[in-house]
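Okay, structure first, notes after.
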Amino acid sequence: MDQFLLILVSGLASGAVYGLMGLGLVIIYRATDVVNFALASLATVGLYAALALYDRGLPLLLAAVAAIVTTAAVGLVARETVIRPLAQGELLSALVMTMGVSLIAESVISTIWDDQPRLFPSLVQGSVSLGGSAIPTQSLLTIAVAAVAMALVAYLFGRTTIGTAMRAVAESADTAQILGLGSQRIARIAWALGLALAALGAFLYAPRAGLVPTVLSAPLFRAFAGIFLGGLTSMYGAVIGGLTVGVLDNLAASYVSAGYRDTFVFSFTILVLLFRPQGLFGVRTFQRV
């Protein structure tokens, strides 16, 4: 039982990271119809920038802010100078462009900071005794911070003007224009918000995983599993899907085999999609032909 509690908390902490990244992906997709494969690499740029500033004496909390701002800023520059101009409104081209930006970001990281693994500092140390288990404080912090961030996003979309505008754009860009809402301005805000959430998740994940240019590749694919499980257009689905993937991933690694953890998670996701192609919380859409 003690071991199970430790596995569960660790799974929720991992799932919180996947949930934040998945939430970022869904917010960007709803506003722009683009699946942003560059999200992980851009967040990694933010991590390296934060570590460089921390090594020069910047407090870790401010370094976290720097990671979020850097990720959002670099991502917006990439969108406005590479993805939008070259994609020219073609969604498939935009998706390919995000893959290209991802490769470029990883190459830039390797050129500036090299490929050597680095330790990433944590805001907290030690563990907390819970139910007879020593629960890492970093895991509890990850869950708590992610929960607050998700609650703020829910408030933003449910209670604020900008959230209403983003929901309007998600429903119909033409409707948003009629209401006087600039769809491109809203898209930029959604892009920045999605990247900021990914950067926050990355900052919480890095102390446990260390830092290499591809550190967020596995979390990104698990975040994708989470949003497909929860529903590609559902923000709540992205969160619940991410948490589910995190718990299943840790249970599989502990009770089956670490080598089959991804196989177990994606097999479960595919099984769900066979019965609910729209995901657990997605809405099935029909196209008239």
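General observations
- Of the criteria (1) surrounded by fewer than 19 Cβ atoms within 10 Å (Cβ to Cβ); (2) on the phi < 0 side of the Ramachandran plot, which one G210 fails: (2)
- Just so you know, in the range 235-268 the residues that are β-branched (V, I, T) and over 18 Å from the mean Cα position of the chain (by Cα) include one that is modelled with the lowest pLDDT, and it is V256.
- Look at (1) within 30 Å of S133 (Cα to Cα); (2) aliphatic (A, V, I, L, M); (3) over 14 Å from the mean Cα position of the chain (by Cα) and you find that A49 fails only one, number (1).
- Residues in the range 1-12 that are among the small types (G, A, S) and out of contact with any Pro (no Cβ under 8 Å at 6 or more places or on another chain): G11 only.
- Unique residue being touching a helix residue (DSSP H, G or I) at 6+ places or on another chain (Cβ under 9 Å), farther than 26 Å from L76 by Cβ and either modelled with pLDDT of 80 or more or not in a helix (DSSP H, G or I) (or both) when the list is S102, S93, S122: S122
- Residue check, L271 out of contact with any Leu (no Cβ under 9 Å at 6 or more places or on another chain), in a helix (DSSP H, G or I) and not polar (S, T, N, Q): yes
- The range 81-91 - residue that is over 21 Å from the mean Cα position of the chain (by Cα) and surrounded by fewer than 14 Cβ atoms within 10 Å (Cβ to Cβ) and, of those, nearest to A196 (Cα to Cα): T81
- Output for the range 136-189, where each listed residue is modelled with pLDDT of 90 or more and not in a helix (DSSP H, G or I): P136
- Checking every residue in the range 215-235 against the condition of being farther than 23 Å from G158 by Cβ and among the β-branched types (V, I, T) gives at least one match.
The values are calculated or read from the model by the stated rules, or taken from the named source; none is laboratory data. From a predicted model like this one, the values you see are computed outputs, not experimental measurements. Heads up, the Cβs are rebuilt from the backbone with ideal geometry, glycines too, and the neighbour counts pull from every protein chain shown.
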